[in-house]
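Written out below as structure tokens is the structure these notes cover.
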Amino acid sequence: MHFHSRILLTILLFTAIFSASYSLIAHSSFTSFTRIDWNKNDQSIELVMQMHAHELEAYLSEEVGERLSFLVETDLPTLETAAGPAILRNLSLELDGKKVSPSFLGLELQGQTVFLYMESDWQSQPKRLSFLNKLFFNVQPGQINSMMAVVNGRRQAGEATPGDGPIELEF
């Protein structure tokens with residue numbers, strides 16, 4: 001083997017090793033974000049969850065037992081139908097010490113981000129909020145589920161990782 005070939009082979013090998021290592025580092029944690037708003041006018045609690053489409057489609061594909069993709073138009077109804085129960089099964093929400101069971105309203109895809117919409121009636125301004133999103137905790141190492149709640153313009157936030165309890169906020 002010629003000297004130049006060896007150098008080229010060495011460079012390619014190091015590039016491949018670095019790329020694989022970087023890929024593992026770059027994808028060692030996954031996140032979702034949920035915004036919770038008390039809507040005084042509608043007297044409701046509104047939740048908007050967002051996450052990367054790839055993570056949700058992989059999770060739902062496993063649950064449904066077939067490969068689904070947000071890029072395949074005919075898969076969208078199946079993804080939306082499967083998303084509601086999967087999301088709601090992994091959420092825990094309490095307001096002022098009372099368990100709240102939001103309704104899943106639907107989802108939309110914007111680029112590579114999925115937005116999921118939920119809502120529940122809630123007549124009065126909540127004083128305490130307890131929230132836990134356990135989605136992906138059992139399948140994604142390094143999962144971080146962040147949230148922000150807004151009540152009468154006052155914002156508070158928190159995050160949960162596997163093994164954490166609910167995020168507790170007071171307004």
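No value in this document is a laboratory result; all are computed from the given coordinates. As the structure is a computational prediction, the values presented were derived from the model and not from experiment. Reconstructed Cβ throughout: ideal geometry from the backbone, glycine too, with neighbour counts over all protein chains shown.
The Cβ shell under 12 Å around residue 131 holds other residues with a net charge of 0, Lys and Arg each +1, Asp and Glu each -1.
Counting only aspartates and glutamates at least 8 places from residue 99 when in the same chain, those with an alpha carbon closer than 18 Å to its own are 37, 46, 119, 121, 168, 170.
Of interest is the spacing of the C-alpha centroids, which for the range 134-161 and the range 69-107 amounts to 16 Å. Checking the cross-link filter: which lysines have an alpha carbon closer than 17 Å to that of residue 98, excluding same-chain neighbours under 8 positions apart? Qualifying lysines at Cα under 17 Å: 127. Here's the picture: charge each Lys and Arg Cβ at +1 and each Asp and Glu Cβ at -1 in the range 40-94, and of 48, 78, 92 the one pushed furthest to the positive end of that dipole is 92.
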